[in-house]
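Here is the structure we will look at, set down as structure tokens.
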Amino acid sequence: MRRDRRMESILDAGAEVLAERGIHGCTMRYVAERAHASPANLYRYVQGKEELLYLIIQRVLERAIRSAEAALAVRGAKEQLKSFVTDHIRRVLAFPAEARLLHETTDALPDHMRRRLEERRAGYLELVGDIVEGAVRTKGARRPTFDKLAQLLLGMADRVALDGARQEPRPRPDRLARPVLALFHQGARASRS
């Protein structure tokens, strides 16, 4: 249990340092300082900054996938979309550094790590596409259309949430979700005509 909390603390610190400095400016010494640990102790948990980046993005994707799956379990397509967007914004408000890292390139990672993350990311986008498809229901629309709409929705939600993360006090996720949902529905309706 204590080891799990320590690992979470290291991942949190790593996310902050990576978001501030990028993969090339990040050192394990900076991460150790932010995590209030010695560099030697840090290496008991992760082998280096590539593994750290991998574990952080993996954690972000797992949280995102659980959120999308929970939204799909909600009754009603519009309620699924509302649930998903609100929870997505809540997660970005809670973990803004991680949210910024999710969009970082994984080119610095070894091939096997990069492939696993890309597979998880593709699975996540497919789930979001399913949510969007249910909410939009455009006759004759092909799957790539829903995938693009899903990426647009995520981009809007991220931008609004990251702006909200800079405000004090932090706005409520449901309030930030309203304009995102309204704009998304308006754009979806316009694309049908």
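General remarks:
- Direction-averaged projected area, Cα convex hull, the range 86-172: 6.5 nm², rounded to one decimal.
- Here the Karplus curve 6.51 cos²θ - 1.76 cosθ + 1.60, taken at θ = phi - 60°, turns the phi angles of the range 75-80 into couplings of 7, x, 4, 5, 5, 4 Hz, with x standing for Gly and Pro.
- Here the accessible area is traced with a 1.4 Å probe on the protein chains. For the chain, carbon and sulfur cover 51 percent of it.
- In Hz, Karplus ³J(HN,Hα) per residue of the range 49-62 (6.51, -1.76, 1.60; θ = phi - 60°; x = Gly, Pro): 5, 5, 5, 4, 4, 4, 5, 5, 5, 4, 5, 4, 5, 5
- Per-selection Kirkwood Rh - the chain (Cα, Å, 1 d.p.): 17.8
- Förster radius 30 Å - calculated FRET efficiency between residue 94 and residue 51 (Cβ-Cβ, nearest 0.05): 0.80
- For residue 58 and residue 159, the difference between the fully extended length at 0.36 nm per residue and the C-alpha to C-alpha distance is 34.2 nm.
- Average accessible surface area per residue within the range 1-130, 1.4 Å rolling probe, Å²: 53
- P(r) tail for the range 1-112: Cα pairs beyond 25 Å make up 29% of the total.
- D_trans [Stokes-Einstein, Kirkwood Rh over alpha-carbon pairs] for the range 78-133, 4 °C, 1.567 mPa s, µm² s⁻¹: 101
- Peptides 171-177, 22-28 ranked from most to least packed give 171-177, 22-28, packing being the mean of other C-beta atoms within 10 angstrom over each peptide's residues.
- Extension gain for the segment residue 137 to residue 111, taken as residue separation times 0.36 nm less the Cα-Cα distance, is 5.6 nm to one decimal.
- Efficiency of FRET from Cβ geometry, residue 174 and residue 73, R₀ 25 Å, rounded to 0.05: 0.85
- Across the chain, Cα pairs under 8 Å and at least six residues apart give a relative contact order of 22 percent.
- By definition, a body whose alpha carbon gyration tensor gives a ≥ b ≥ c is oblate when a/c is 1.5 or more and a/b is not larger than b/c, and the range 1-60 fits this oblate description.
- For the range 57-105, projected area of the alpha-carbon convex hull averaged over all directions, nm²: 3.3
The values are calculated or read from the model by the stated rules, or taken from the named source; none is laboratory data. Keep in mind that this is a model prediction, so the values were computed, not measured. With ideal geometry, Cβ positions are generated from the backbone for all residues, glycine too; neighbour counts draw on all protein chains shown. Remember, those area values only see protein heavy atoms, side chains included, never the ligands or the DNA or RNA. Shrake-Rupley method; radii C 1.70, N 1.55, O 1.52, S 1.80 Å.
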